[in-house]
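Q: The structure follows.
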Amino acid sequence: MKLLKLIILLLIIPIFGFGQNPNRCGTIELDLLTERLKRNKQLLSENNGVYSRGGDKYIPIKFHLIAKDDGVGRVSESKVFSQLCALNEFYANNNTGVQFYLSGDFEYHDNSDLYFLPSDDSALVPLKSPTAVNVFIVSSIENVGDISPAGYYSPSDDMLVMLKGQVGASSTTLQHEIGHYFSLPHPFNGWDFSGGWNLADHGNPVGVDSPPNPFFPYETVPNEKQDGSNCNFAGDYICDTPPDYLFYISNCNYTGGVMDPDGVPVDPDETNVMSYFGDNCTNYISPDQIALVNTDFDNRPELHNNFTPMEIADMAPVLLVPENNTNQDASFVAFDWDEVPGATHYFFELSRSPDFTLFPIRRILTTSSTFTGGLLEDRTYYWRVKAFNAYETCLSTTPFYTFTTDVMSGTSTIPSLGKWRVDPNPVAQNEDIQLTLYAKKAFDGEIAIVSIAGQTLRAMPYRFVAGTNTISYATEGLDAGMYLVSIQAENARSNQKFVIAR
Ligand SMILES: [Zn+2]
């Protein structure tokens, strides 16, 4: 059983460090994939090569962003946006008729046991969405032997797993894994566990069959010939992808001179996305592969839907407040920007560094405004926004705006009153707020809730005691919005903003 699981894990290993021993593939799971491939070929031939659901197909994809137990380490959403953008670009540039869109929100899982994924990945299965392609993004995948997978497709669990380092615009790993998801084998099918062609082990010319699978010693696949004469029954069983005996060079020009069983030098396709050539080479998927992907999709009713992409204006939002290079009250900062037509969501980032990696706050919002409290005093902050919708995640992010928080934030101008704060902020509607204040000595004053327009909405006299004062104050009956708590005493006034959330 353990071997079986190991094989499942190993089935698909895409592009990995080329200095390492090459990957291997599991026969059992390869059989599952081959079975589907052959069914799809059969359906295609019955339909004279026509796949049934014509026109553009929009496929829901669900990204699971996994962090450690403490919520740290998750891949950033902006990487996932770039990844979806690159995925769609690849499948559009190759006229596949296939595009992908976000199926609802990202799923966030905080679980160190998944973040460092063991070879037994069964704990992911219950987290899957039944109506989308599921992509789990983790930090590491347990090595098996000397293989460190960058990602894989599990045919038995029908899900994809990717390392977070592989997520983004510069890698073609997801494009490759999606190929497996829709039944495509590697063009070097049969050589998956071979370590890649080498003269000592495999000879030149190569034999009639692929090397025996070391996990299942009697399993081999006929080696595909350069002239295509056996292409339907050899290699990846796909005729417009030339022979490949697991060549894995990082440049895009194979000149190895390896010969097929007839002694003819093979000319692999270094651009094929299902090969192990470098990310910079693999920008192509063949017409036969495209037909198979579409046919596989046709036979996955759980992914069918009536999704229509929404047009979105090709622009970054215009940032409004806080204006650039201003001072802000650390206890409360409200952010606002112009809506972008067609955007359903905004990705908001706030950070202490302009590269947005230092103490980042990241939010996905359905409104063009947000707010935050509890920032540190006397610090510089940076914020920026990106607009998106389920299908369009390629738009640029705004240039950042910056602001500095005041040193005097939260400090009272009332002589006897020290620092004070309002919690929680924001507060839910009809919940009480709690004021925590420090008084240097006892004094009498008034505590009021005042609208932003300056109108006193309620007020009560209060006798402050020396030391810490903790006061509950009702907000019942007040609408959602921003307000001030205003304390008046000793001929002075001290205000704190707070928000009643919707
Ligand atoms: Zn692969």
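The values are calculated or read from the model by the stated rules, or taken from the named source; none is laboratory data. Predicted model, so just to flag it, every value in this text is computed and none were measured. In this analysis, Cβ positions are derived from the backbone assuming ideal geometry, glycine residues included, and neighbour counts consider all displayed protein chains.
Q: Right, SER139: surrounded by 24 or more Cβ atoms within 10 Å (Cβ to Cβ), more than 12 Å from the ligand (Cβ to nearest atom) and in contact (Cβ under 8 Å) with a residue 40 or more places away in the chain or not?
A: Against the criterion (surrounded by 24 or more Cβ atoms within 10 Å (Cβ to Cβ), more than 12 Å from the ligand (Cβ to nearest atom) and in contact (Cβ under 8 Å) with a residue 40 or more places away in the chain), SER139 does not qualify.
Q: Right, another one. Output the number of residues of the stretch 254-287 satisfying the condition of being away from the ligand (no atom under 16 Å from the Cβ) and more than 29 Å from the chain's Cα centre (by Cα).
A: 14
Q: Continuing with the same structure: Please verify whether TYR115 is in contact (Cβ under 8 Å) with a residue 24 or more places away in the chain, in contact with a Leu (Cβ under 6 Å, 6 or more places away or on another chain) and more than 16 Å from the ligand (Cβ to nearest atom), treating the condition exactly as stated.
A: No, not satisfied.
Q: Which of the residues that make up the stretch 330-350 are surrounded by fewer than 19 Cβ atoms within 10 Å (Cβ to Cβ) and under 14 Å from THR405 (Cβ atoms)?
A: ALA334
Q: So which of ALA169, ALA92 is away from the ligand (no atom under 15 Å from the Cβ), of a type in the set (A, V, I, L, M), assigned to a loop (DSSP other than H, G, I, E, B) and on the phi < 0 side of the Ramachandran plot? Working first, answer last.
A: On the way: ALA92 fails: assigned to a loop (DSSP other than H, G, I, E, B).
The unique qualifying residue is ALA169.
Q: Which one is nearest to GLU302 (Cα to Cα) among residues in the stretch 95-132 that are touching a helix residue (DSSP H, G or I) at 6+ places or on another chain (Cβ under 6 Å) and β-branched (Val, Ile, Thr)?
A: Across the stretch 95-132, the extreme among qualifying residues is THR131.
Q: What are the residues in the stretch 489-502 that are farther than 14 Å from LEU457 by Cβ, in contact with a Ser or Thr (Cβ under 8 Å, 6 or more places away or on another chain) and among the polar types (S, T, N, Q), if any?
A: SER494, GLN496
Q: Hey, another quick one. Scan the stretch 306-346 for residues that are at positive phi and out of contact with any Asp or Glu (no Cβ under 9 Å at 6 or more places or on another chain) and report the count.
A: Residues in the stretch 306-346 being at positive phi and out of contact with any Asp or Glu (no Cβ under 9 Å at 6 or more places or on another chain): 1 in total.
Q: Does ASP262 count as modelled with pLDDT of 95 or more and under 25 Å from GLN42 (Cβ atoms)?
A: No: the conditions fail for ASP262.
Q: Return a yes/no flag: does the stretch 178-199 have any residue that is among the polar types (S, T, N, Q), within 12 Å of the ligand (Cβ to nearest atom) and part of a helix (DSSP H, G or I).
A: Our first condition is that a residue be among the polar types (S, T, N, Q); within the stretch 178-199, this holds for 183, 189, 194, 198.
So of that shortlist, the ones also within 12 Å of the ligand (Cβ to nearest atom) come out as 189.
Retained after the next criterion (residues that are part of a helix (DSSP H, G or I)): none.
No, the stretch 178-199 contains no residue that is among the polar types (S, T, N, Q), within 12 Å of the ligand (Cβ to nearest atom) and part of a helix (DSSP H, G or I).
Q: Tell me yes or no: at least one residue of the stretch 65-78 is within 25 Å of THR393 (Cα to Cα), in the same structural domain as GLY165 (by TED's automatic domain parsing), touching a Gly at 6+ places or on another chain (Cβ under 7 Å) and not in a loop (DSSP other than H, G, I, E, B).
A: Yes, the stretch 65-78 contains at least one residue that is within 25 Å of THR393 (Cα to Cα), in the same structural domain as GLY165 (by TED's automatic domain parsing), touching a Gly at 6+ places or on another chain (Cβ under 7 Å) and not in a loop (DSSP other than H, G, I, E, B).
Q: Just to be sure I understand, how many residues within the stretch 359-382 are buried (at least 16 other Cβ atoms within 10 Å of the Cβ) and over 12 Å from GLU349 (Cα atoms)?
A: 3
Q: I want to confirm something. Restricting to the stretch 200-225 and keeping residues that are without any contact (Cβ under 8 Å) to a residue 40 or more places away in the chain and part of a helix (DSSP H, G or I), which single residue is farthest from TYR153 (Cα to Cα)?
A: So the residue we want is ALA200.
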